[in-house]
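Notes to accompany the following structure.
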Amino acid sequence: MKFSFYTDDIAKLSSALVGVVCFEEGLSESPTFQSIDRALGGILAKLVTEEQFKGKKGQSLLLHTHGKVGAERVLLIGAGARKDFQPYDLRGIAARIVRDGNKISAQSVAMVVPYTEGTVMERAAQFLAEGARLGAYKFDKYLTADKDEKDKKPAVEEFKITLGSENGDAAKSDTIRNAVQRGERIAAAIAHARDLVNEPAAEMTPKKLAEIATRDAKQYGLEIKVLGPKECEKLGMGMFLGVAQGSEEEPRLIHLIYRPRAVGGKAAAPRKKIALIGKGVTFDSGGLSLKPSAGMEDMKIDMAGAAAVISAIGALADLSVPFEVHAVAACTENMPSGKSYKLGDVLKSMNGKTVEINNTDAEGRLTLGDAMTYIIGEAKPDEMFDFATLTGACMVALGPHTAGVMGNDLSLVERWLAAARLAGEEMWHLPLPEKLKEQLKSDIADMKNTGERWGGALTAGLFLKEFVGDTAWVHVDIAGPASSDKEAGHLTKGGTGFGVATIVEYLAGRPA
């Protein structure tokens, strides 16, 4: 899909489909609406009244122009109140236009960028590019029905970004074209993360994930270390290996490294060292604390944190961020067998702390704890972030669309949440109450791996905090938004690639 810019009269735009964003206020007063309506002889305004199209969020109205304007079809898309509109809303709208374009086998679609006070054209262009690319995303490699249909490439080959004559200079600028390229890179990283999550667990094993990370390292010029069970044992990763021991699949600890380059290709001194740690449980049965069948059905997604950090570091390298970035994923299955770790076992972590196991289905925090100790020793990062489908309790608290955020540095948490707001990913700050540490006390070890029912997401965060030391750290529980049960906006059913956009926004969209 290629992107182009158009700044002339919208009624003259040649395209199979043009999308027009409509707000509740002054719906028919925008120059775009009036230009199309005049060319159609007032039909558009009449149809809006007849169909009771109010511009409310989620509303849409499609009409065929029968050659009276340059576009064959006009799609009105409701965006709600103008005051509530955010630039990242364009991502879902652009995805909708591409999907509708593919349904009618359109080779070219267009979208009019709406004017709102404070609209930054570069941001708008980035989100349009992201949405257009993600609207074309499909994971259908295992479908055999209608093979001829599946093998066809998406029809939409061109997405025309229509800025209006008043923004003609912007369309010619390198800045806005660079924004489109940035959006394409982010969308590619999100799509990559979705692919990793959507693969069946029998295919996306720890070994396979390490192979893909190795391929990515070559593509983006990254360094990579892949540690097998023997190397992890030498390092003393008792928690990680305890989780892994019940599976026939060998674990892998993946460590990708991006180092910034100066002009001429020489290594540049990084402004900061950043660690991104992703939970990489490629299938979670619950171990001996076995999940019910329904609870196990989608547990291939339990490596969504690993997918996010592996995919994001490629985009960061592509965008040449000025930070040294380490992406780490401790990848394993959590399976029941005669070799599985048991309730009542005491595991010794890499940093020396001992942990009594009272629930083998609370395995992610064990793998993350050793991964954090590893990267603190290896890289001594200035800031550390972990991403994990960690607790159902977080979904109970925040629902399926919002990630829970905890951390030991309020300033870092706030900067991270600010990046999430700009990227359009829903996150909410949760506390780490010291009083709840009582729940993790053990009679025979330094601590237990789970607390009581109440505050389960918070006690998981408190457990992880024990392995952070003095490093500034943010924990992102993505149990809810890591997957979607339906198509919505720029999301498709299945893995979402959640977290990638905020990682890129945080590291590639701000000064040091």
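Apart from one condition, Arg421 fits all of (1) under 20 Å from the mean Cα position of the chain (by Cα); (2) not in a helix (DSSP H, G or I); the exception is (2).
Return the residues of the stretch 83-113 that are β-branched (Val, Ile, Thr), buried (at least 18 other Cβ atoms within 10 Å of the Cβ) and closer than 16 Å to Val156 by Cα; say none if nothing qualifies. If the condition is that a residue be β-branched (Val, Ile, Thr), buried (at least 18 other Cβ atoms within 10 Å of the Cβ) and closer than 16 Å to Val156 by Cα, then Ile93, Ile97, Val98, Val109 are the ones that fit.
A single member of Asp370, Asp361 is in the same structural domain as Ala457 (by TED's automatic domain parsing), of a type outside the set (Gly, Ala, Ser) and farther than 11 Å from Gly287 by Cβ, and it is Asp370. Of the residues Gly42, Gly55, the single one that is free of Cβ contacts under 8 Å to residues at least 40 places away in the same chain and under 24 Å from Lys486 (Cβ atoms) is Gly55. Taking the listed residues Leu47, Leu62, Leu90, the one that is outside any helix (DSSP H, G or I) and either in contact (Cβ under 8 Å) with a residue 12 or more places away in the chain or over 23 Å from Ala488 (Cα atoms) (or both) is Leu62, with no other qualifying. In this structure, is Ala262 over 26 Å from the mean Cα position of the chain (by Cα), surrounded by fewer than 16 Cβ atoms within 10 Å (Cβ to Cβ) and more than 21 Å from Ala327 (Cβ to Cβ)? Yes. Is one or more of the residues making up the stretch 285-298 touching a residue at least 24 places away in the same chain (Cβ under 8 Å) and outside any loop (DSSP other than H, G, I, E, B)? Within the stretch 285-298 (the criterion being touching a residue at least 24 places away in the same chain (Cβ under 8 Å) and outside any loop (DSSP other than H, G, I, E, B)), the answer is no, since none of the residues qualifies.
Given the criteria aromatic (Phe, Trp, Tyr), in contact with a helix residue (DSSP H, G or I) (Cβ under 9 Å, 6 or more places away or on another chain) and not in a loop (DSSP other than H, G, I, E, B), does Trp428 qualify? The answer is yes for Trp428. Looking at Thr496, Thr471, Thr459, Thr450, just one residue is more than 30 Å from Gly58 (Cα to Cα), modelled with pLDDT of 95 or more, among the polar types (S, T, N, Q) and surrounded by 24 or more Cβ atoms within 10 Å (Cβ to Cβ), and that residue is Thr459.
Checked against (1) assigned to a helix (DSSP H, G or I); (2) surrounded by fewer than 20 Cβ atoms within 10 Å (Cβ to Cβ); (3) in contact (Cβ under 8 Å) with a residue 12 or more places away in the chain, Leu196 passes all but condition (2). Within the stretch 500-511, not a single residue is among the basic types (Lys, Arg) and farther than 24 Å from Arg182 by Cβ.
Only a single item in (1) within 25 Å of Ile376 (Cβ to Cβ); (2) touching a residue at least 24 places away in the same chain (Cβ under 8 Å) is not met by Ile212, and it is number (1). Residue count for the stretch 235-284, restricted to those that are over 22 Å from Met384 (Cβ atoms), among the basic types (Lys, Arg) and touching a residue at least 12 places away in the same chain (Cβ under 8 Å): 1. Of the strands (runs of 3 or more DSSP E) contained entirely in the stretch 351-417, those carrying at least 3 residues that are under 24 Å from Glu452 (Cβ atoms) fall at 354-356, 403-407.
The values are calculated or read from the model by the stated rules, or taken from the named source; none is laboratory data. From a predicted model like this one, the values you see are computed outputs, not experimental measurements. Don't worry about glycine lacking a Cβ; one is built from the backbone with ideal geometry, like all the others, and counts go over all protein chains shown.
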